[in-house]
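The values are calculated or read from the model by the stated rules, or taken from the named source; none is laboratory data. Source: prediction; values computed, not measured. Reconstructed Cβ throughout: ideal geometry from the backbone, glycine too, with neighbour counts over all protein chains shown.
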Amino acid sequence: MKIVRTIAKLQLDRTKSIAFVPTMGAFHEGHLALMRRAREAAEIVVVSLFVNPTQFVAGEDYDRYPRNEERDFELARKIPVDVMFAPSVAEMYAGEETVIHVKGVSERWEGEHRPGHFDGVATVVAKLFNIVRPNIAVFGLKDFQQAVVIDRMVRDLNIPLALLFEETVREQDGLAMSSRNAYLSPEQRRLAPMLHEELEQLSKSKSAGDKELSESKERLAKAGFAVDYLALVDGATLEPARKLEKGNRFIVAARLGATRLIDNLGF
């Protein structure tokens, strides 16, 4: 595996198909599943490892976000990944002022609770697409709203690549794998799977109206979660939905202590 630190040195064989997996590191099985999918999809696999400061809002965990490059590199070699692009902040941002804002789908839910977050995501992903110029990019659906934002950006800006979205990889107890799970105390880790359990219960109910959603929020609150939102949404527009039907999705964000967890469940 070749490790590249600068844009100028990222030289790829453009006669071969290229699959790209953008990450912020702290790899877990969810990341590795995306890399394996990329390995199946193309001749060259490129992974980026970049903790992007512009997608962290004020008071978030940029400085303490888990970082362990050597461990990540070793895990990627086993896939095997061909090229690891691991630039510095200075390499990625050299005084640029351009920001990409994806209207509509970036403004609700996470967008309300983390203002500017998706501008940071869209901008860095567009930059990485232009730097790597892949044929295919692979993302996970744990960050469902992020997937919708990136899909809309690619379509609206006519970015010439195919997107592959892979379902969430979970722990045995149902908790969605996340680098931030490392922040949970033992007691919080025991409670955390309840987030997914509530989504499963809602998916089995006859209705997903205000009553059912309110009851679910109340159960989570009693268990110790501080719920930012819990909703059924249209999977394309992220507008609130009423029917439990194909294409719609439950989304949730909640805090356990200082750790913010997100999850979703589709039909």
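Yes/no matrix, rows are residues, columns are (1) without any contact (Cβ under 8 Å) to a residue 60 or more places away in the chain; (2) in contact with a helix residue (DSSP H, G or I) (Cβ under 7 Å, 6 or more places away or on another chain); (3) crowded, with 21+ Cβ neighbours inside 10 Å; (4) not assigned by TED's automatic domain parsing to the domain that holds V121:
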residue: V21; (1), (2), (3), (4): no, yes, yes, no
residue: R37; (1), (2), (3), (4): no, no, no, no
residue: V46; (1), (2), (3), (4): no, yes, yes, no
residue: L49; (1), (2), (3), (4): yes, yes, yes, no
residue: F56; (1), (2), (3), (4): no, no, no, no
residue: E60; (1), (2), (3), (4): yes, no, no, no
residue: Y65; (1), (2), (3), (4): no, no, no, no
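For the stretch 86-103, the criterion of a residue being among the basic types (K, R) and over 21 Å from V149 (Cα atoms) is satisfied by no position. Inspection of the stretch 250-257 finds a residue satisfying the criterion of being among the basic types (K, R) and either part of a strand (DSSP E or B) or surrounded by 22 or more Cβ atoms within 10 Å (Cβ to Cβ) (or both). The listed residues are K217, K246, and the only one of them that is part of a loop (DSSP other than H, G, I, E, B), without any contact (Cβ under 8 Å) to a residue 40 or more places away in the chain, more than 20 Å from E29 (Cα to Cα) and not hydrophobic (A, V, I, L, M, F, W, C) turns out to be K246.
Considering only the stretch 245-257, I want to know if a residue exists there that is of a type in the set (K, R) and at pLDDT below 95. Yes, some residue in the stretch 245-257 is of a type in the set (K, R) and at pLDDT below 95.
The helices (runs of 4 or more DSSP H) located wholly in the stretch 85-187 that include 2 or more residues which are within 16 Å of the chain's Cα centre (by Cα) and polar (S, T, N, Q) occupy 144-156. Of all residues in the stretch 216-233, none satisfies being more than 30 Å from P134 (Cα to Cα), surrounded by fewer than 17 Cβ atoms within 10 Å (Cβ to Cβ) and modelled with pLDDT under 95. Here V99 qualifies as more than 17 Å from L34 (Cβ to Cβ), surrounded by fewer than 18 Cβ atoms within 10 Å (Cβ to Cβ), touching a Ser or Thr at 6+ places or on another chain (Cβ under 7 Å) and in the same structural domain as S17 (by TED's automatic domain parsing).
Confirm whether Q188 is assigned by TED's automatic domain parsing to the domain that holds R260 and either surrounded by 17 or more Cβ atoms within 10 Å (Cβ to Cβ) or closer than 24 Å to Y93 by Cα (or both). When the stated conditions are applied, Q188 passes them. Note on the stretch 1-64: enclosed strands (runs of 3 or more DSSP E) holding 1 or more residues that are under 19 Å from the mean Cα position of the chain (by Cα) and of a type in the set (G, A, S) are 18-23, 44-49. One residue stands out among those in the stretch 220-232 that are assigned to a strand (DSSP E or B) and of a type in the set (G, A, S): the one that is nearest to L261 (Cα to Cα), which is A226.
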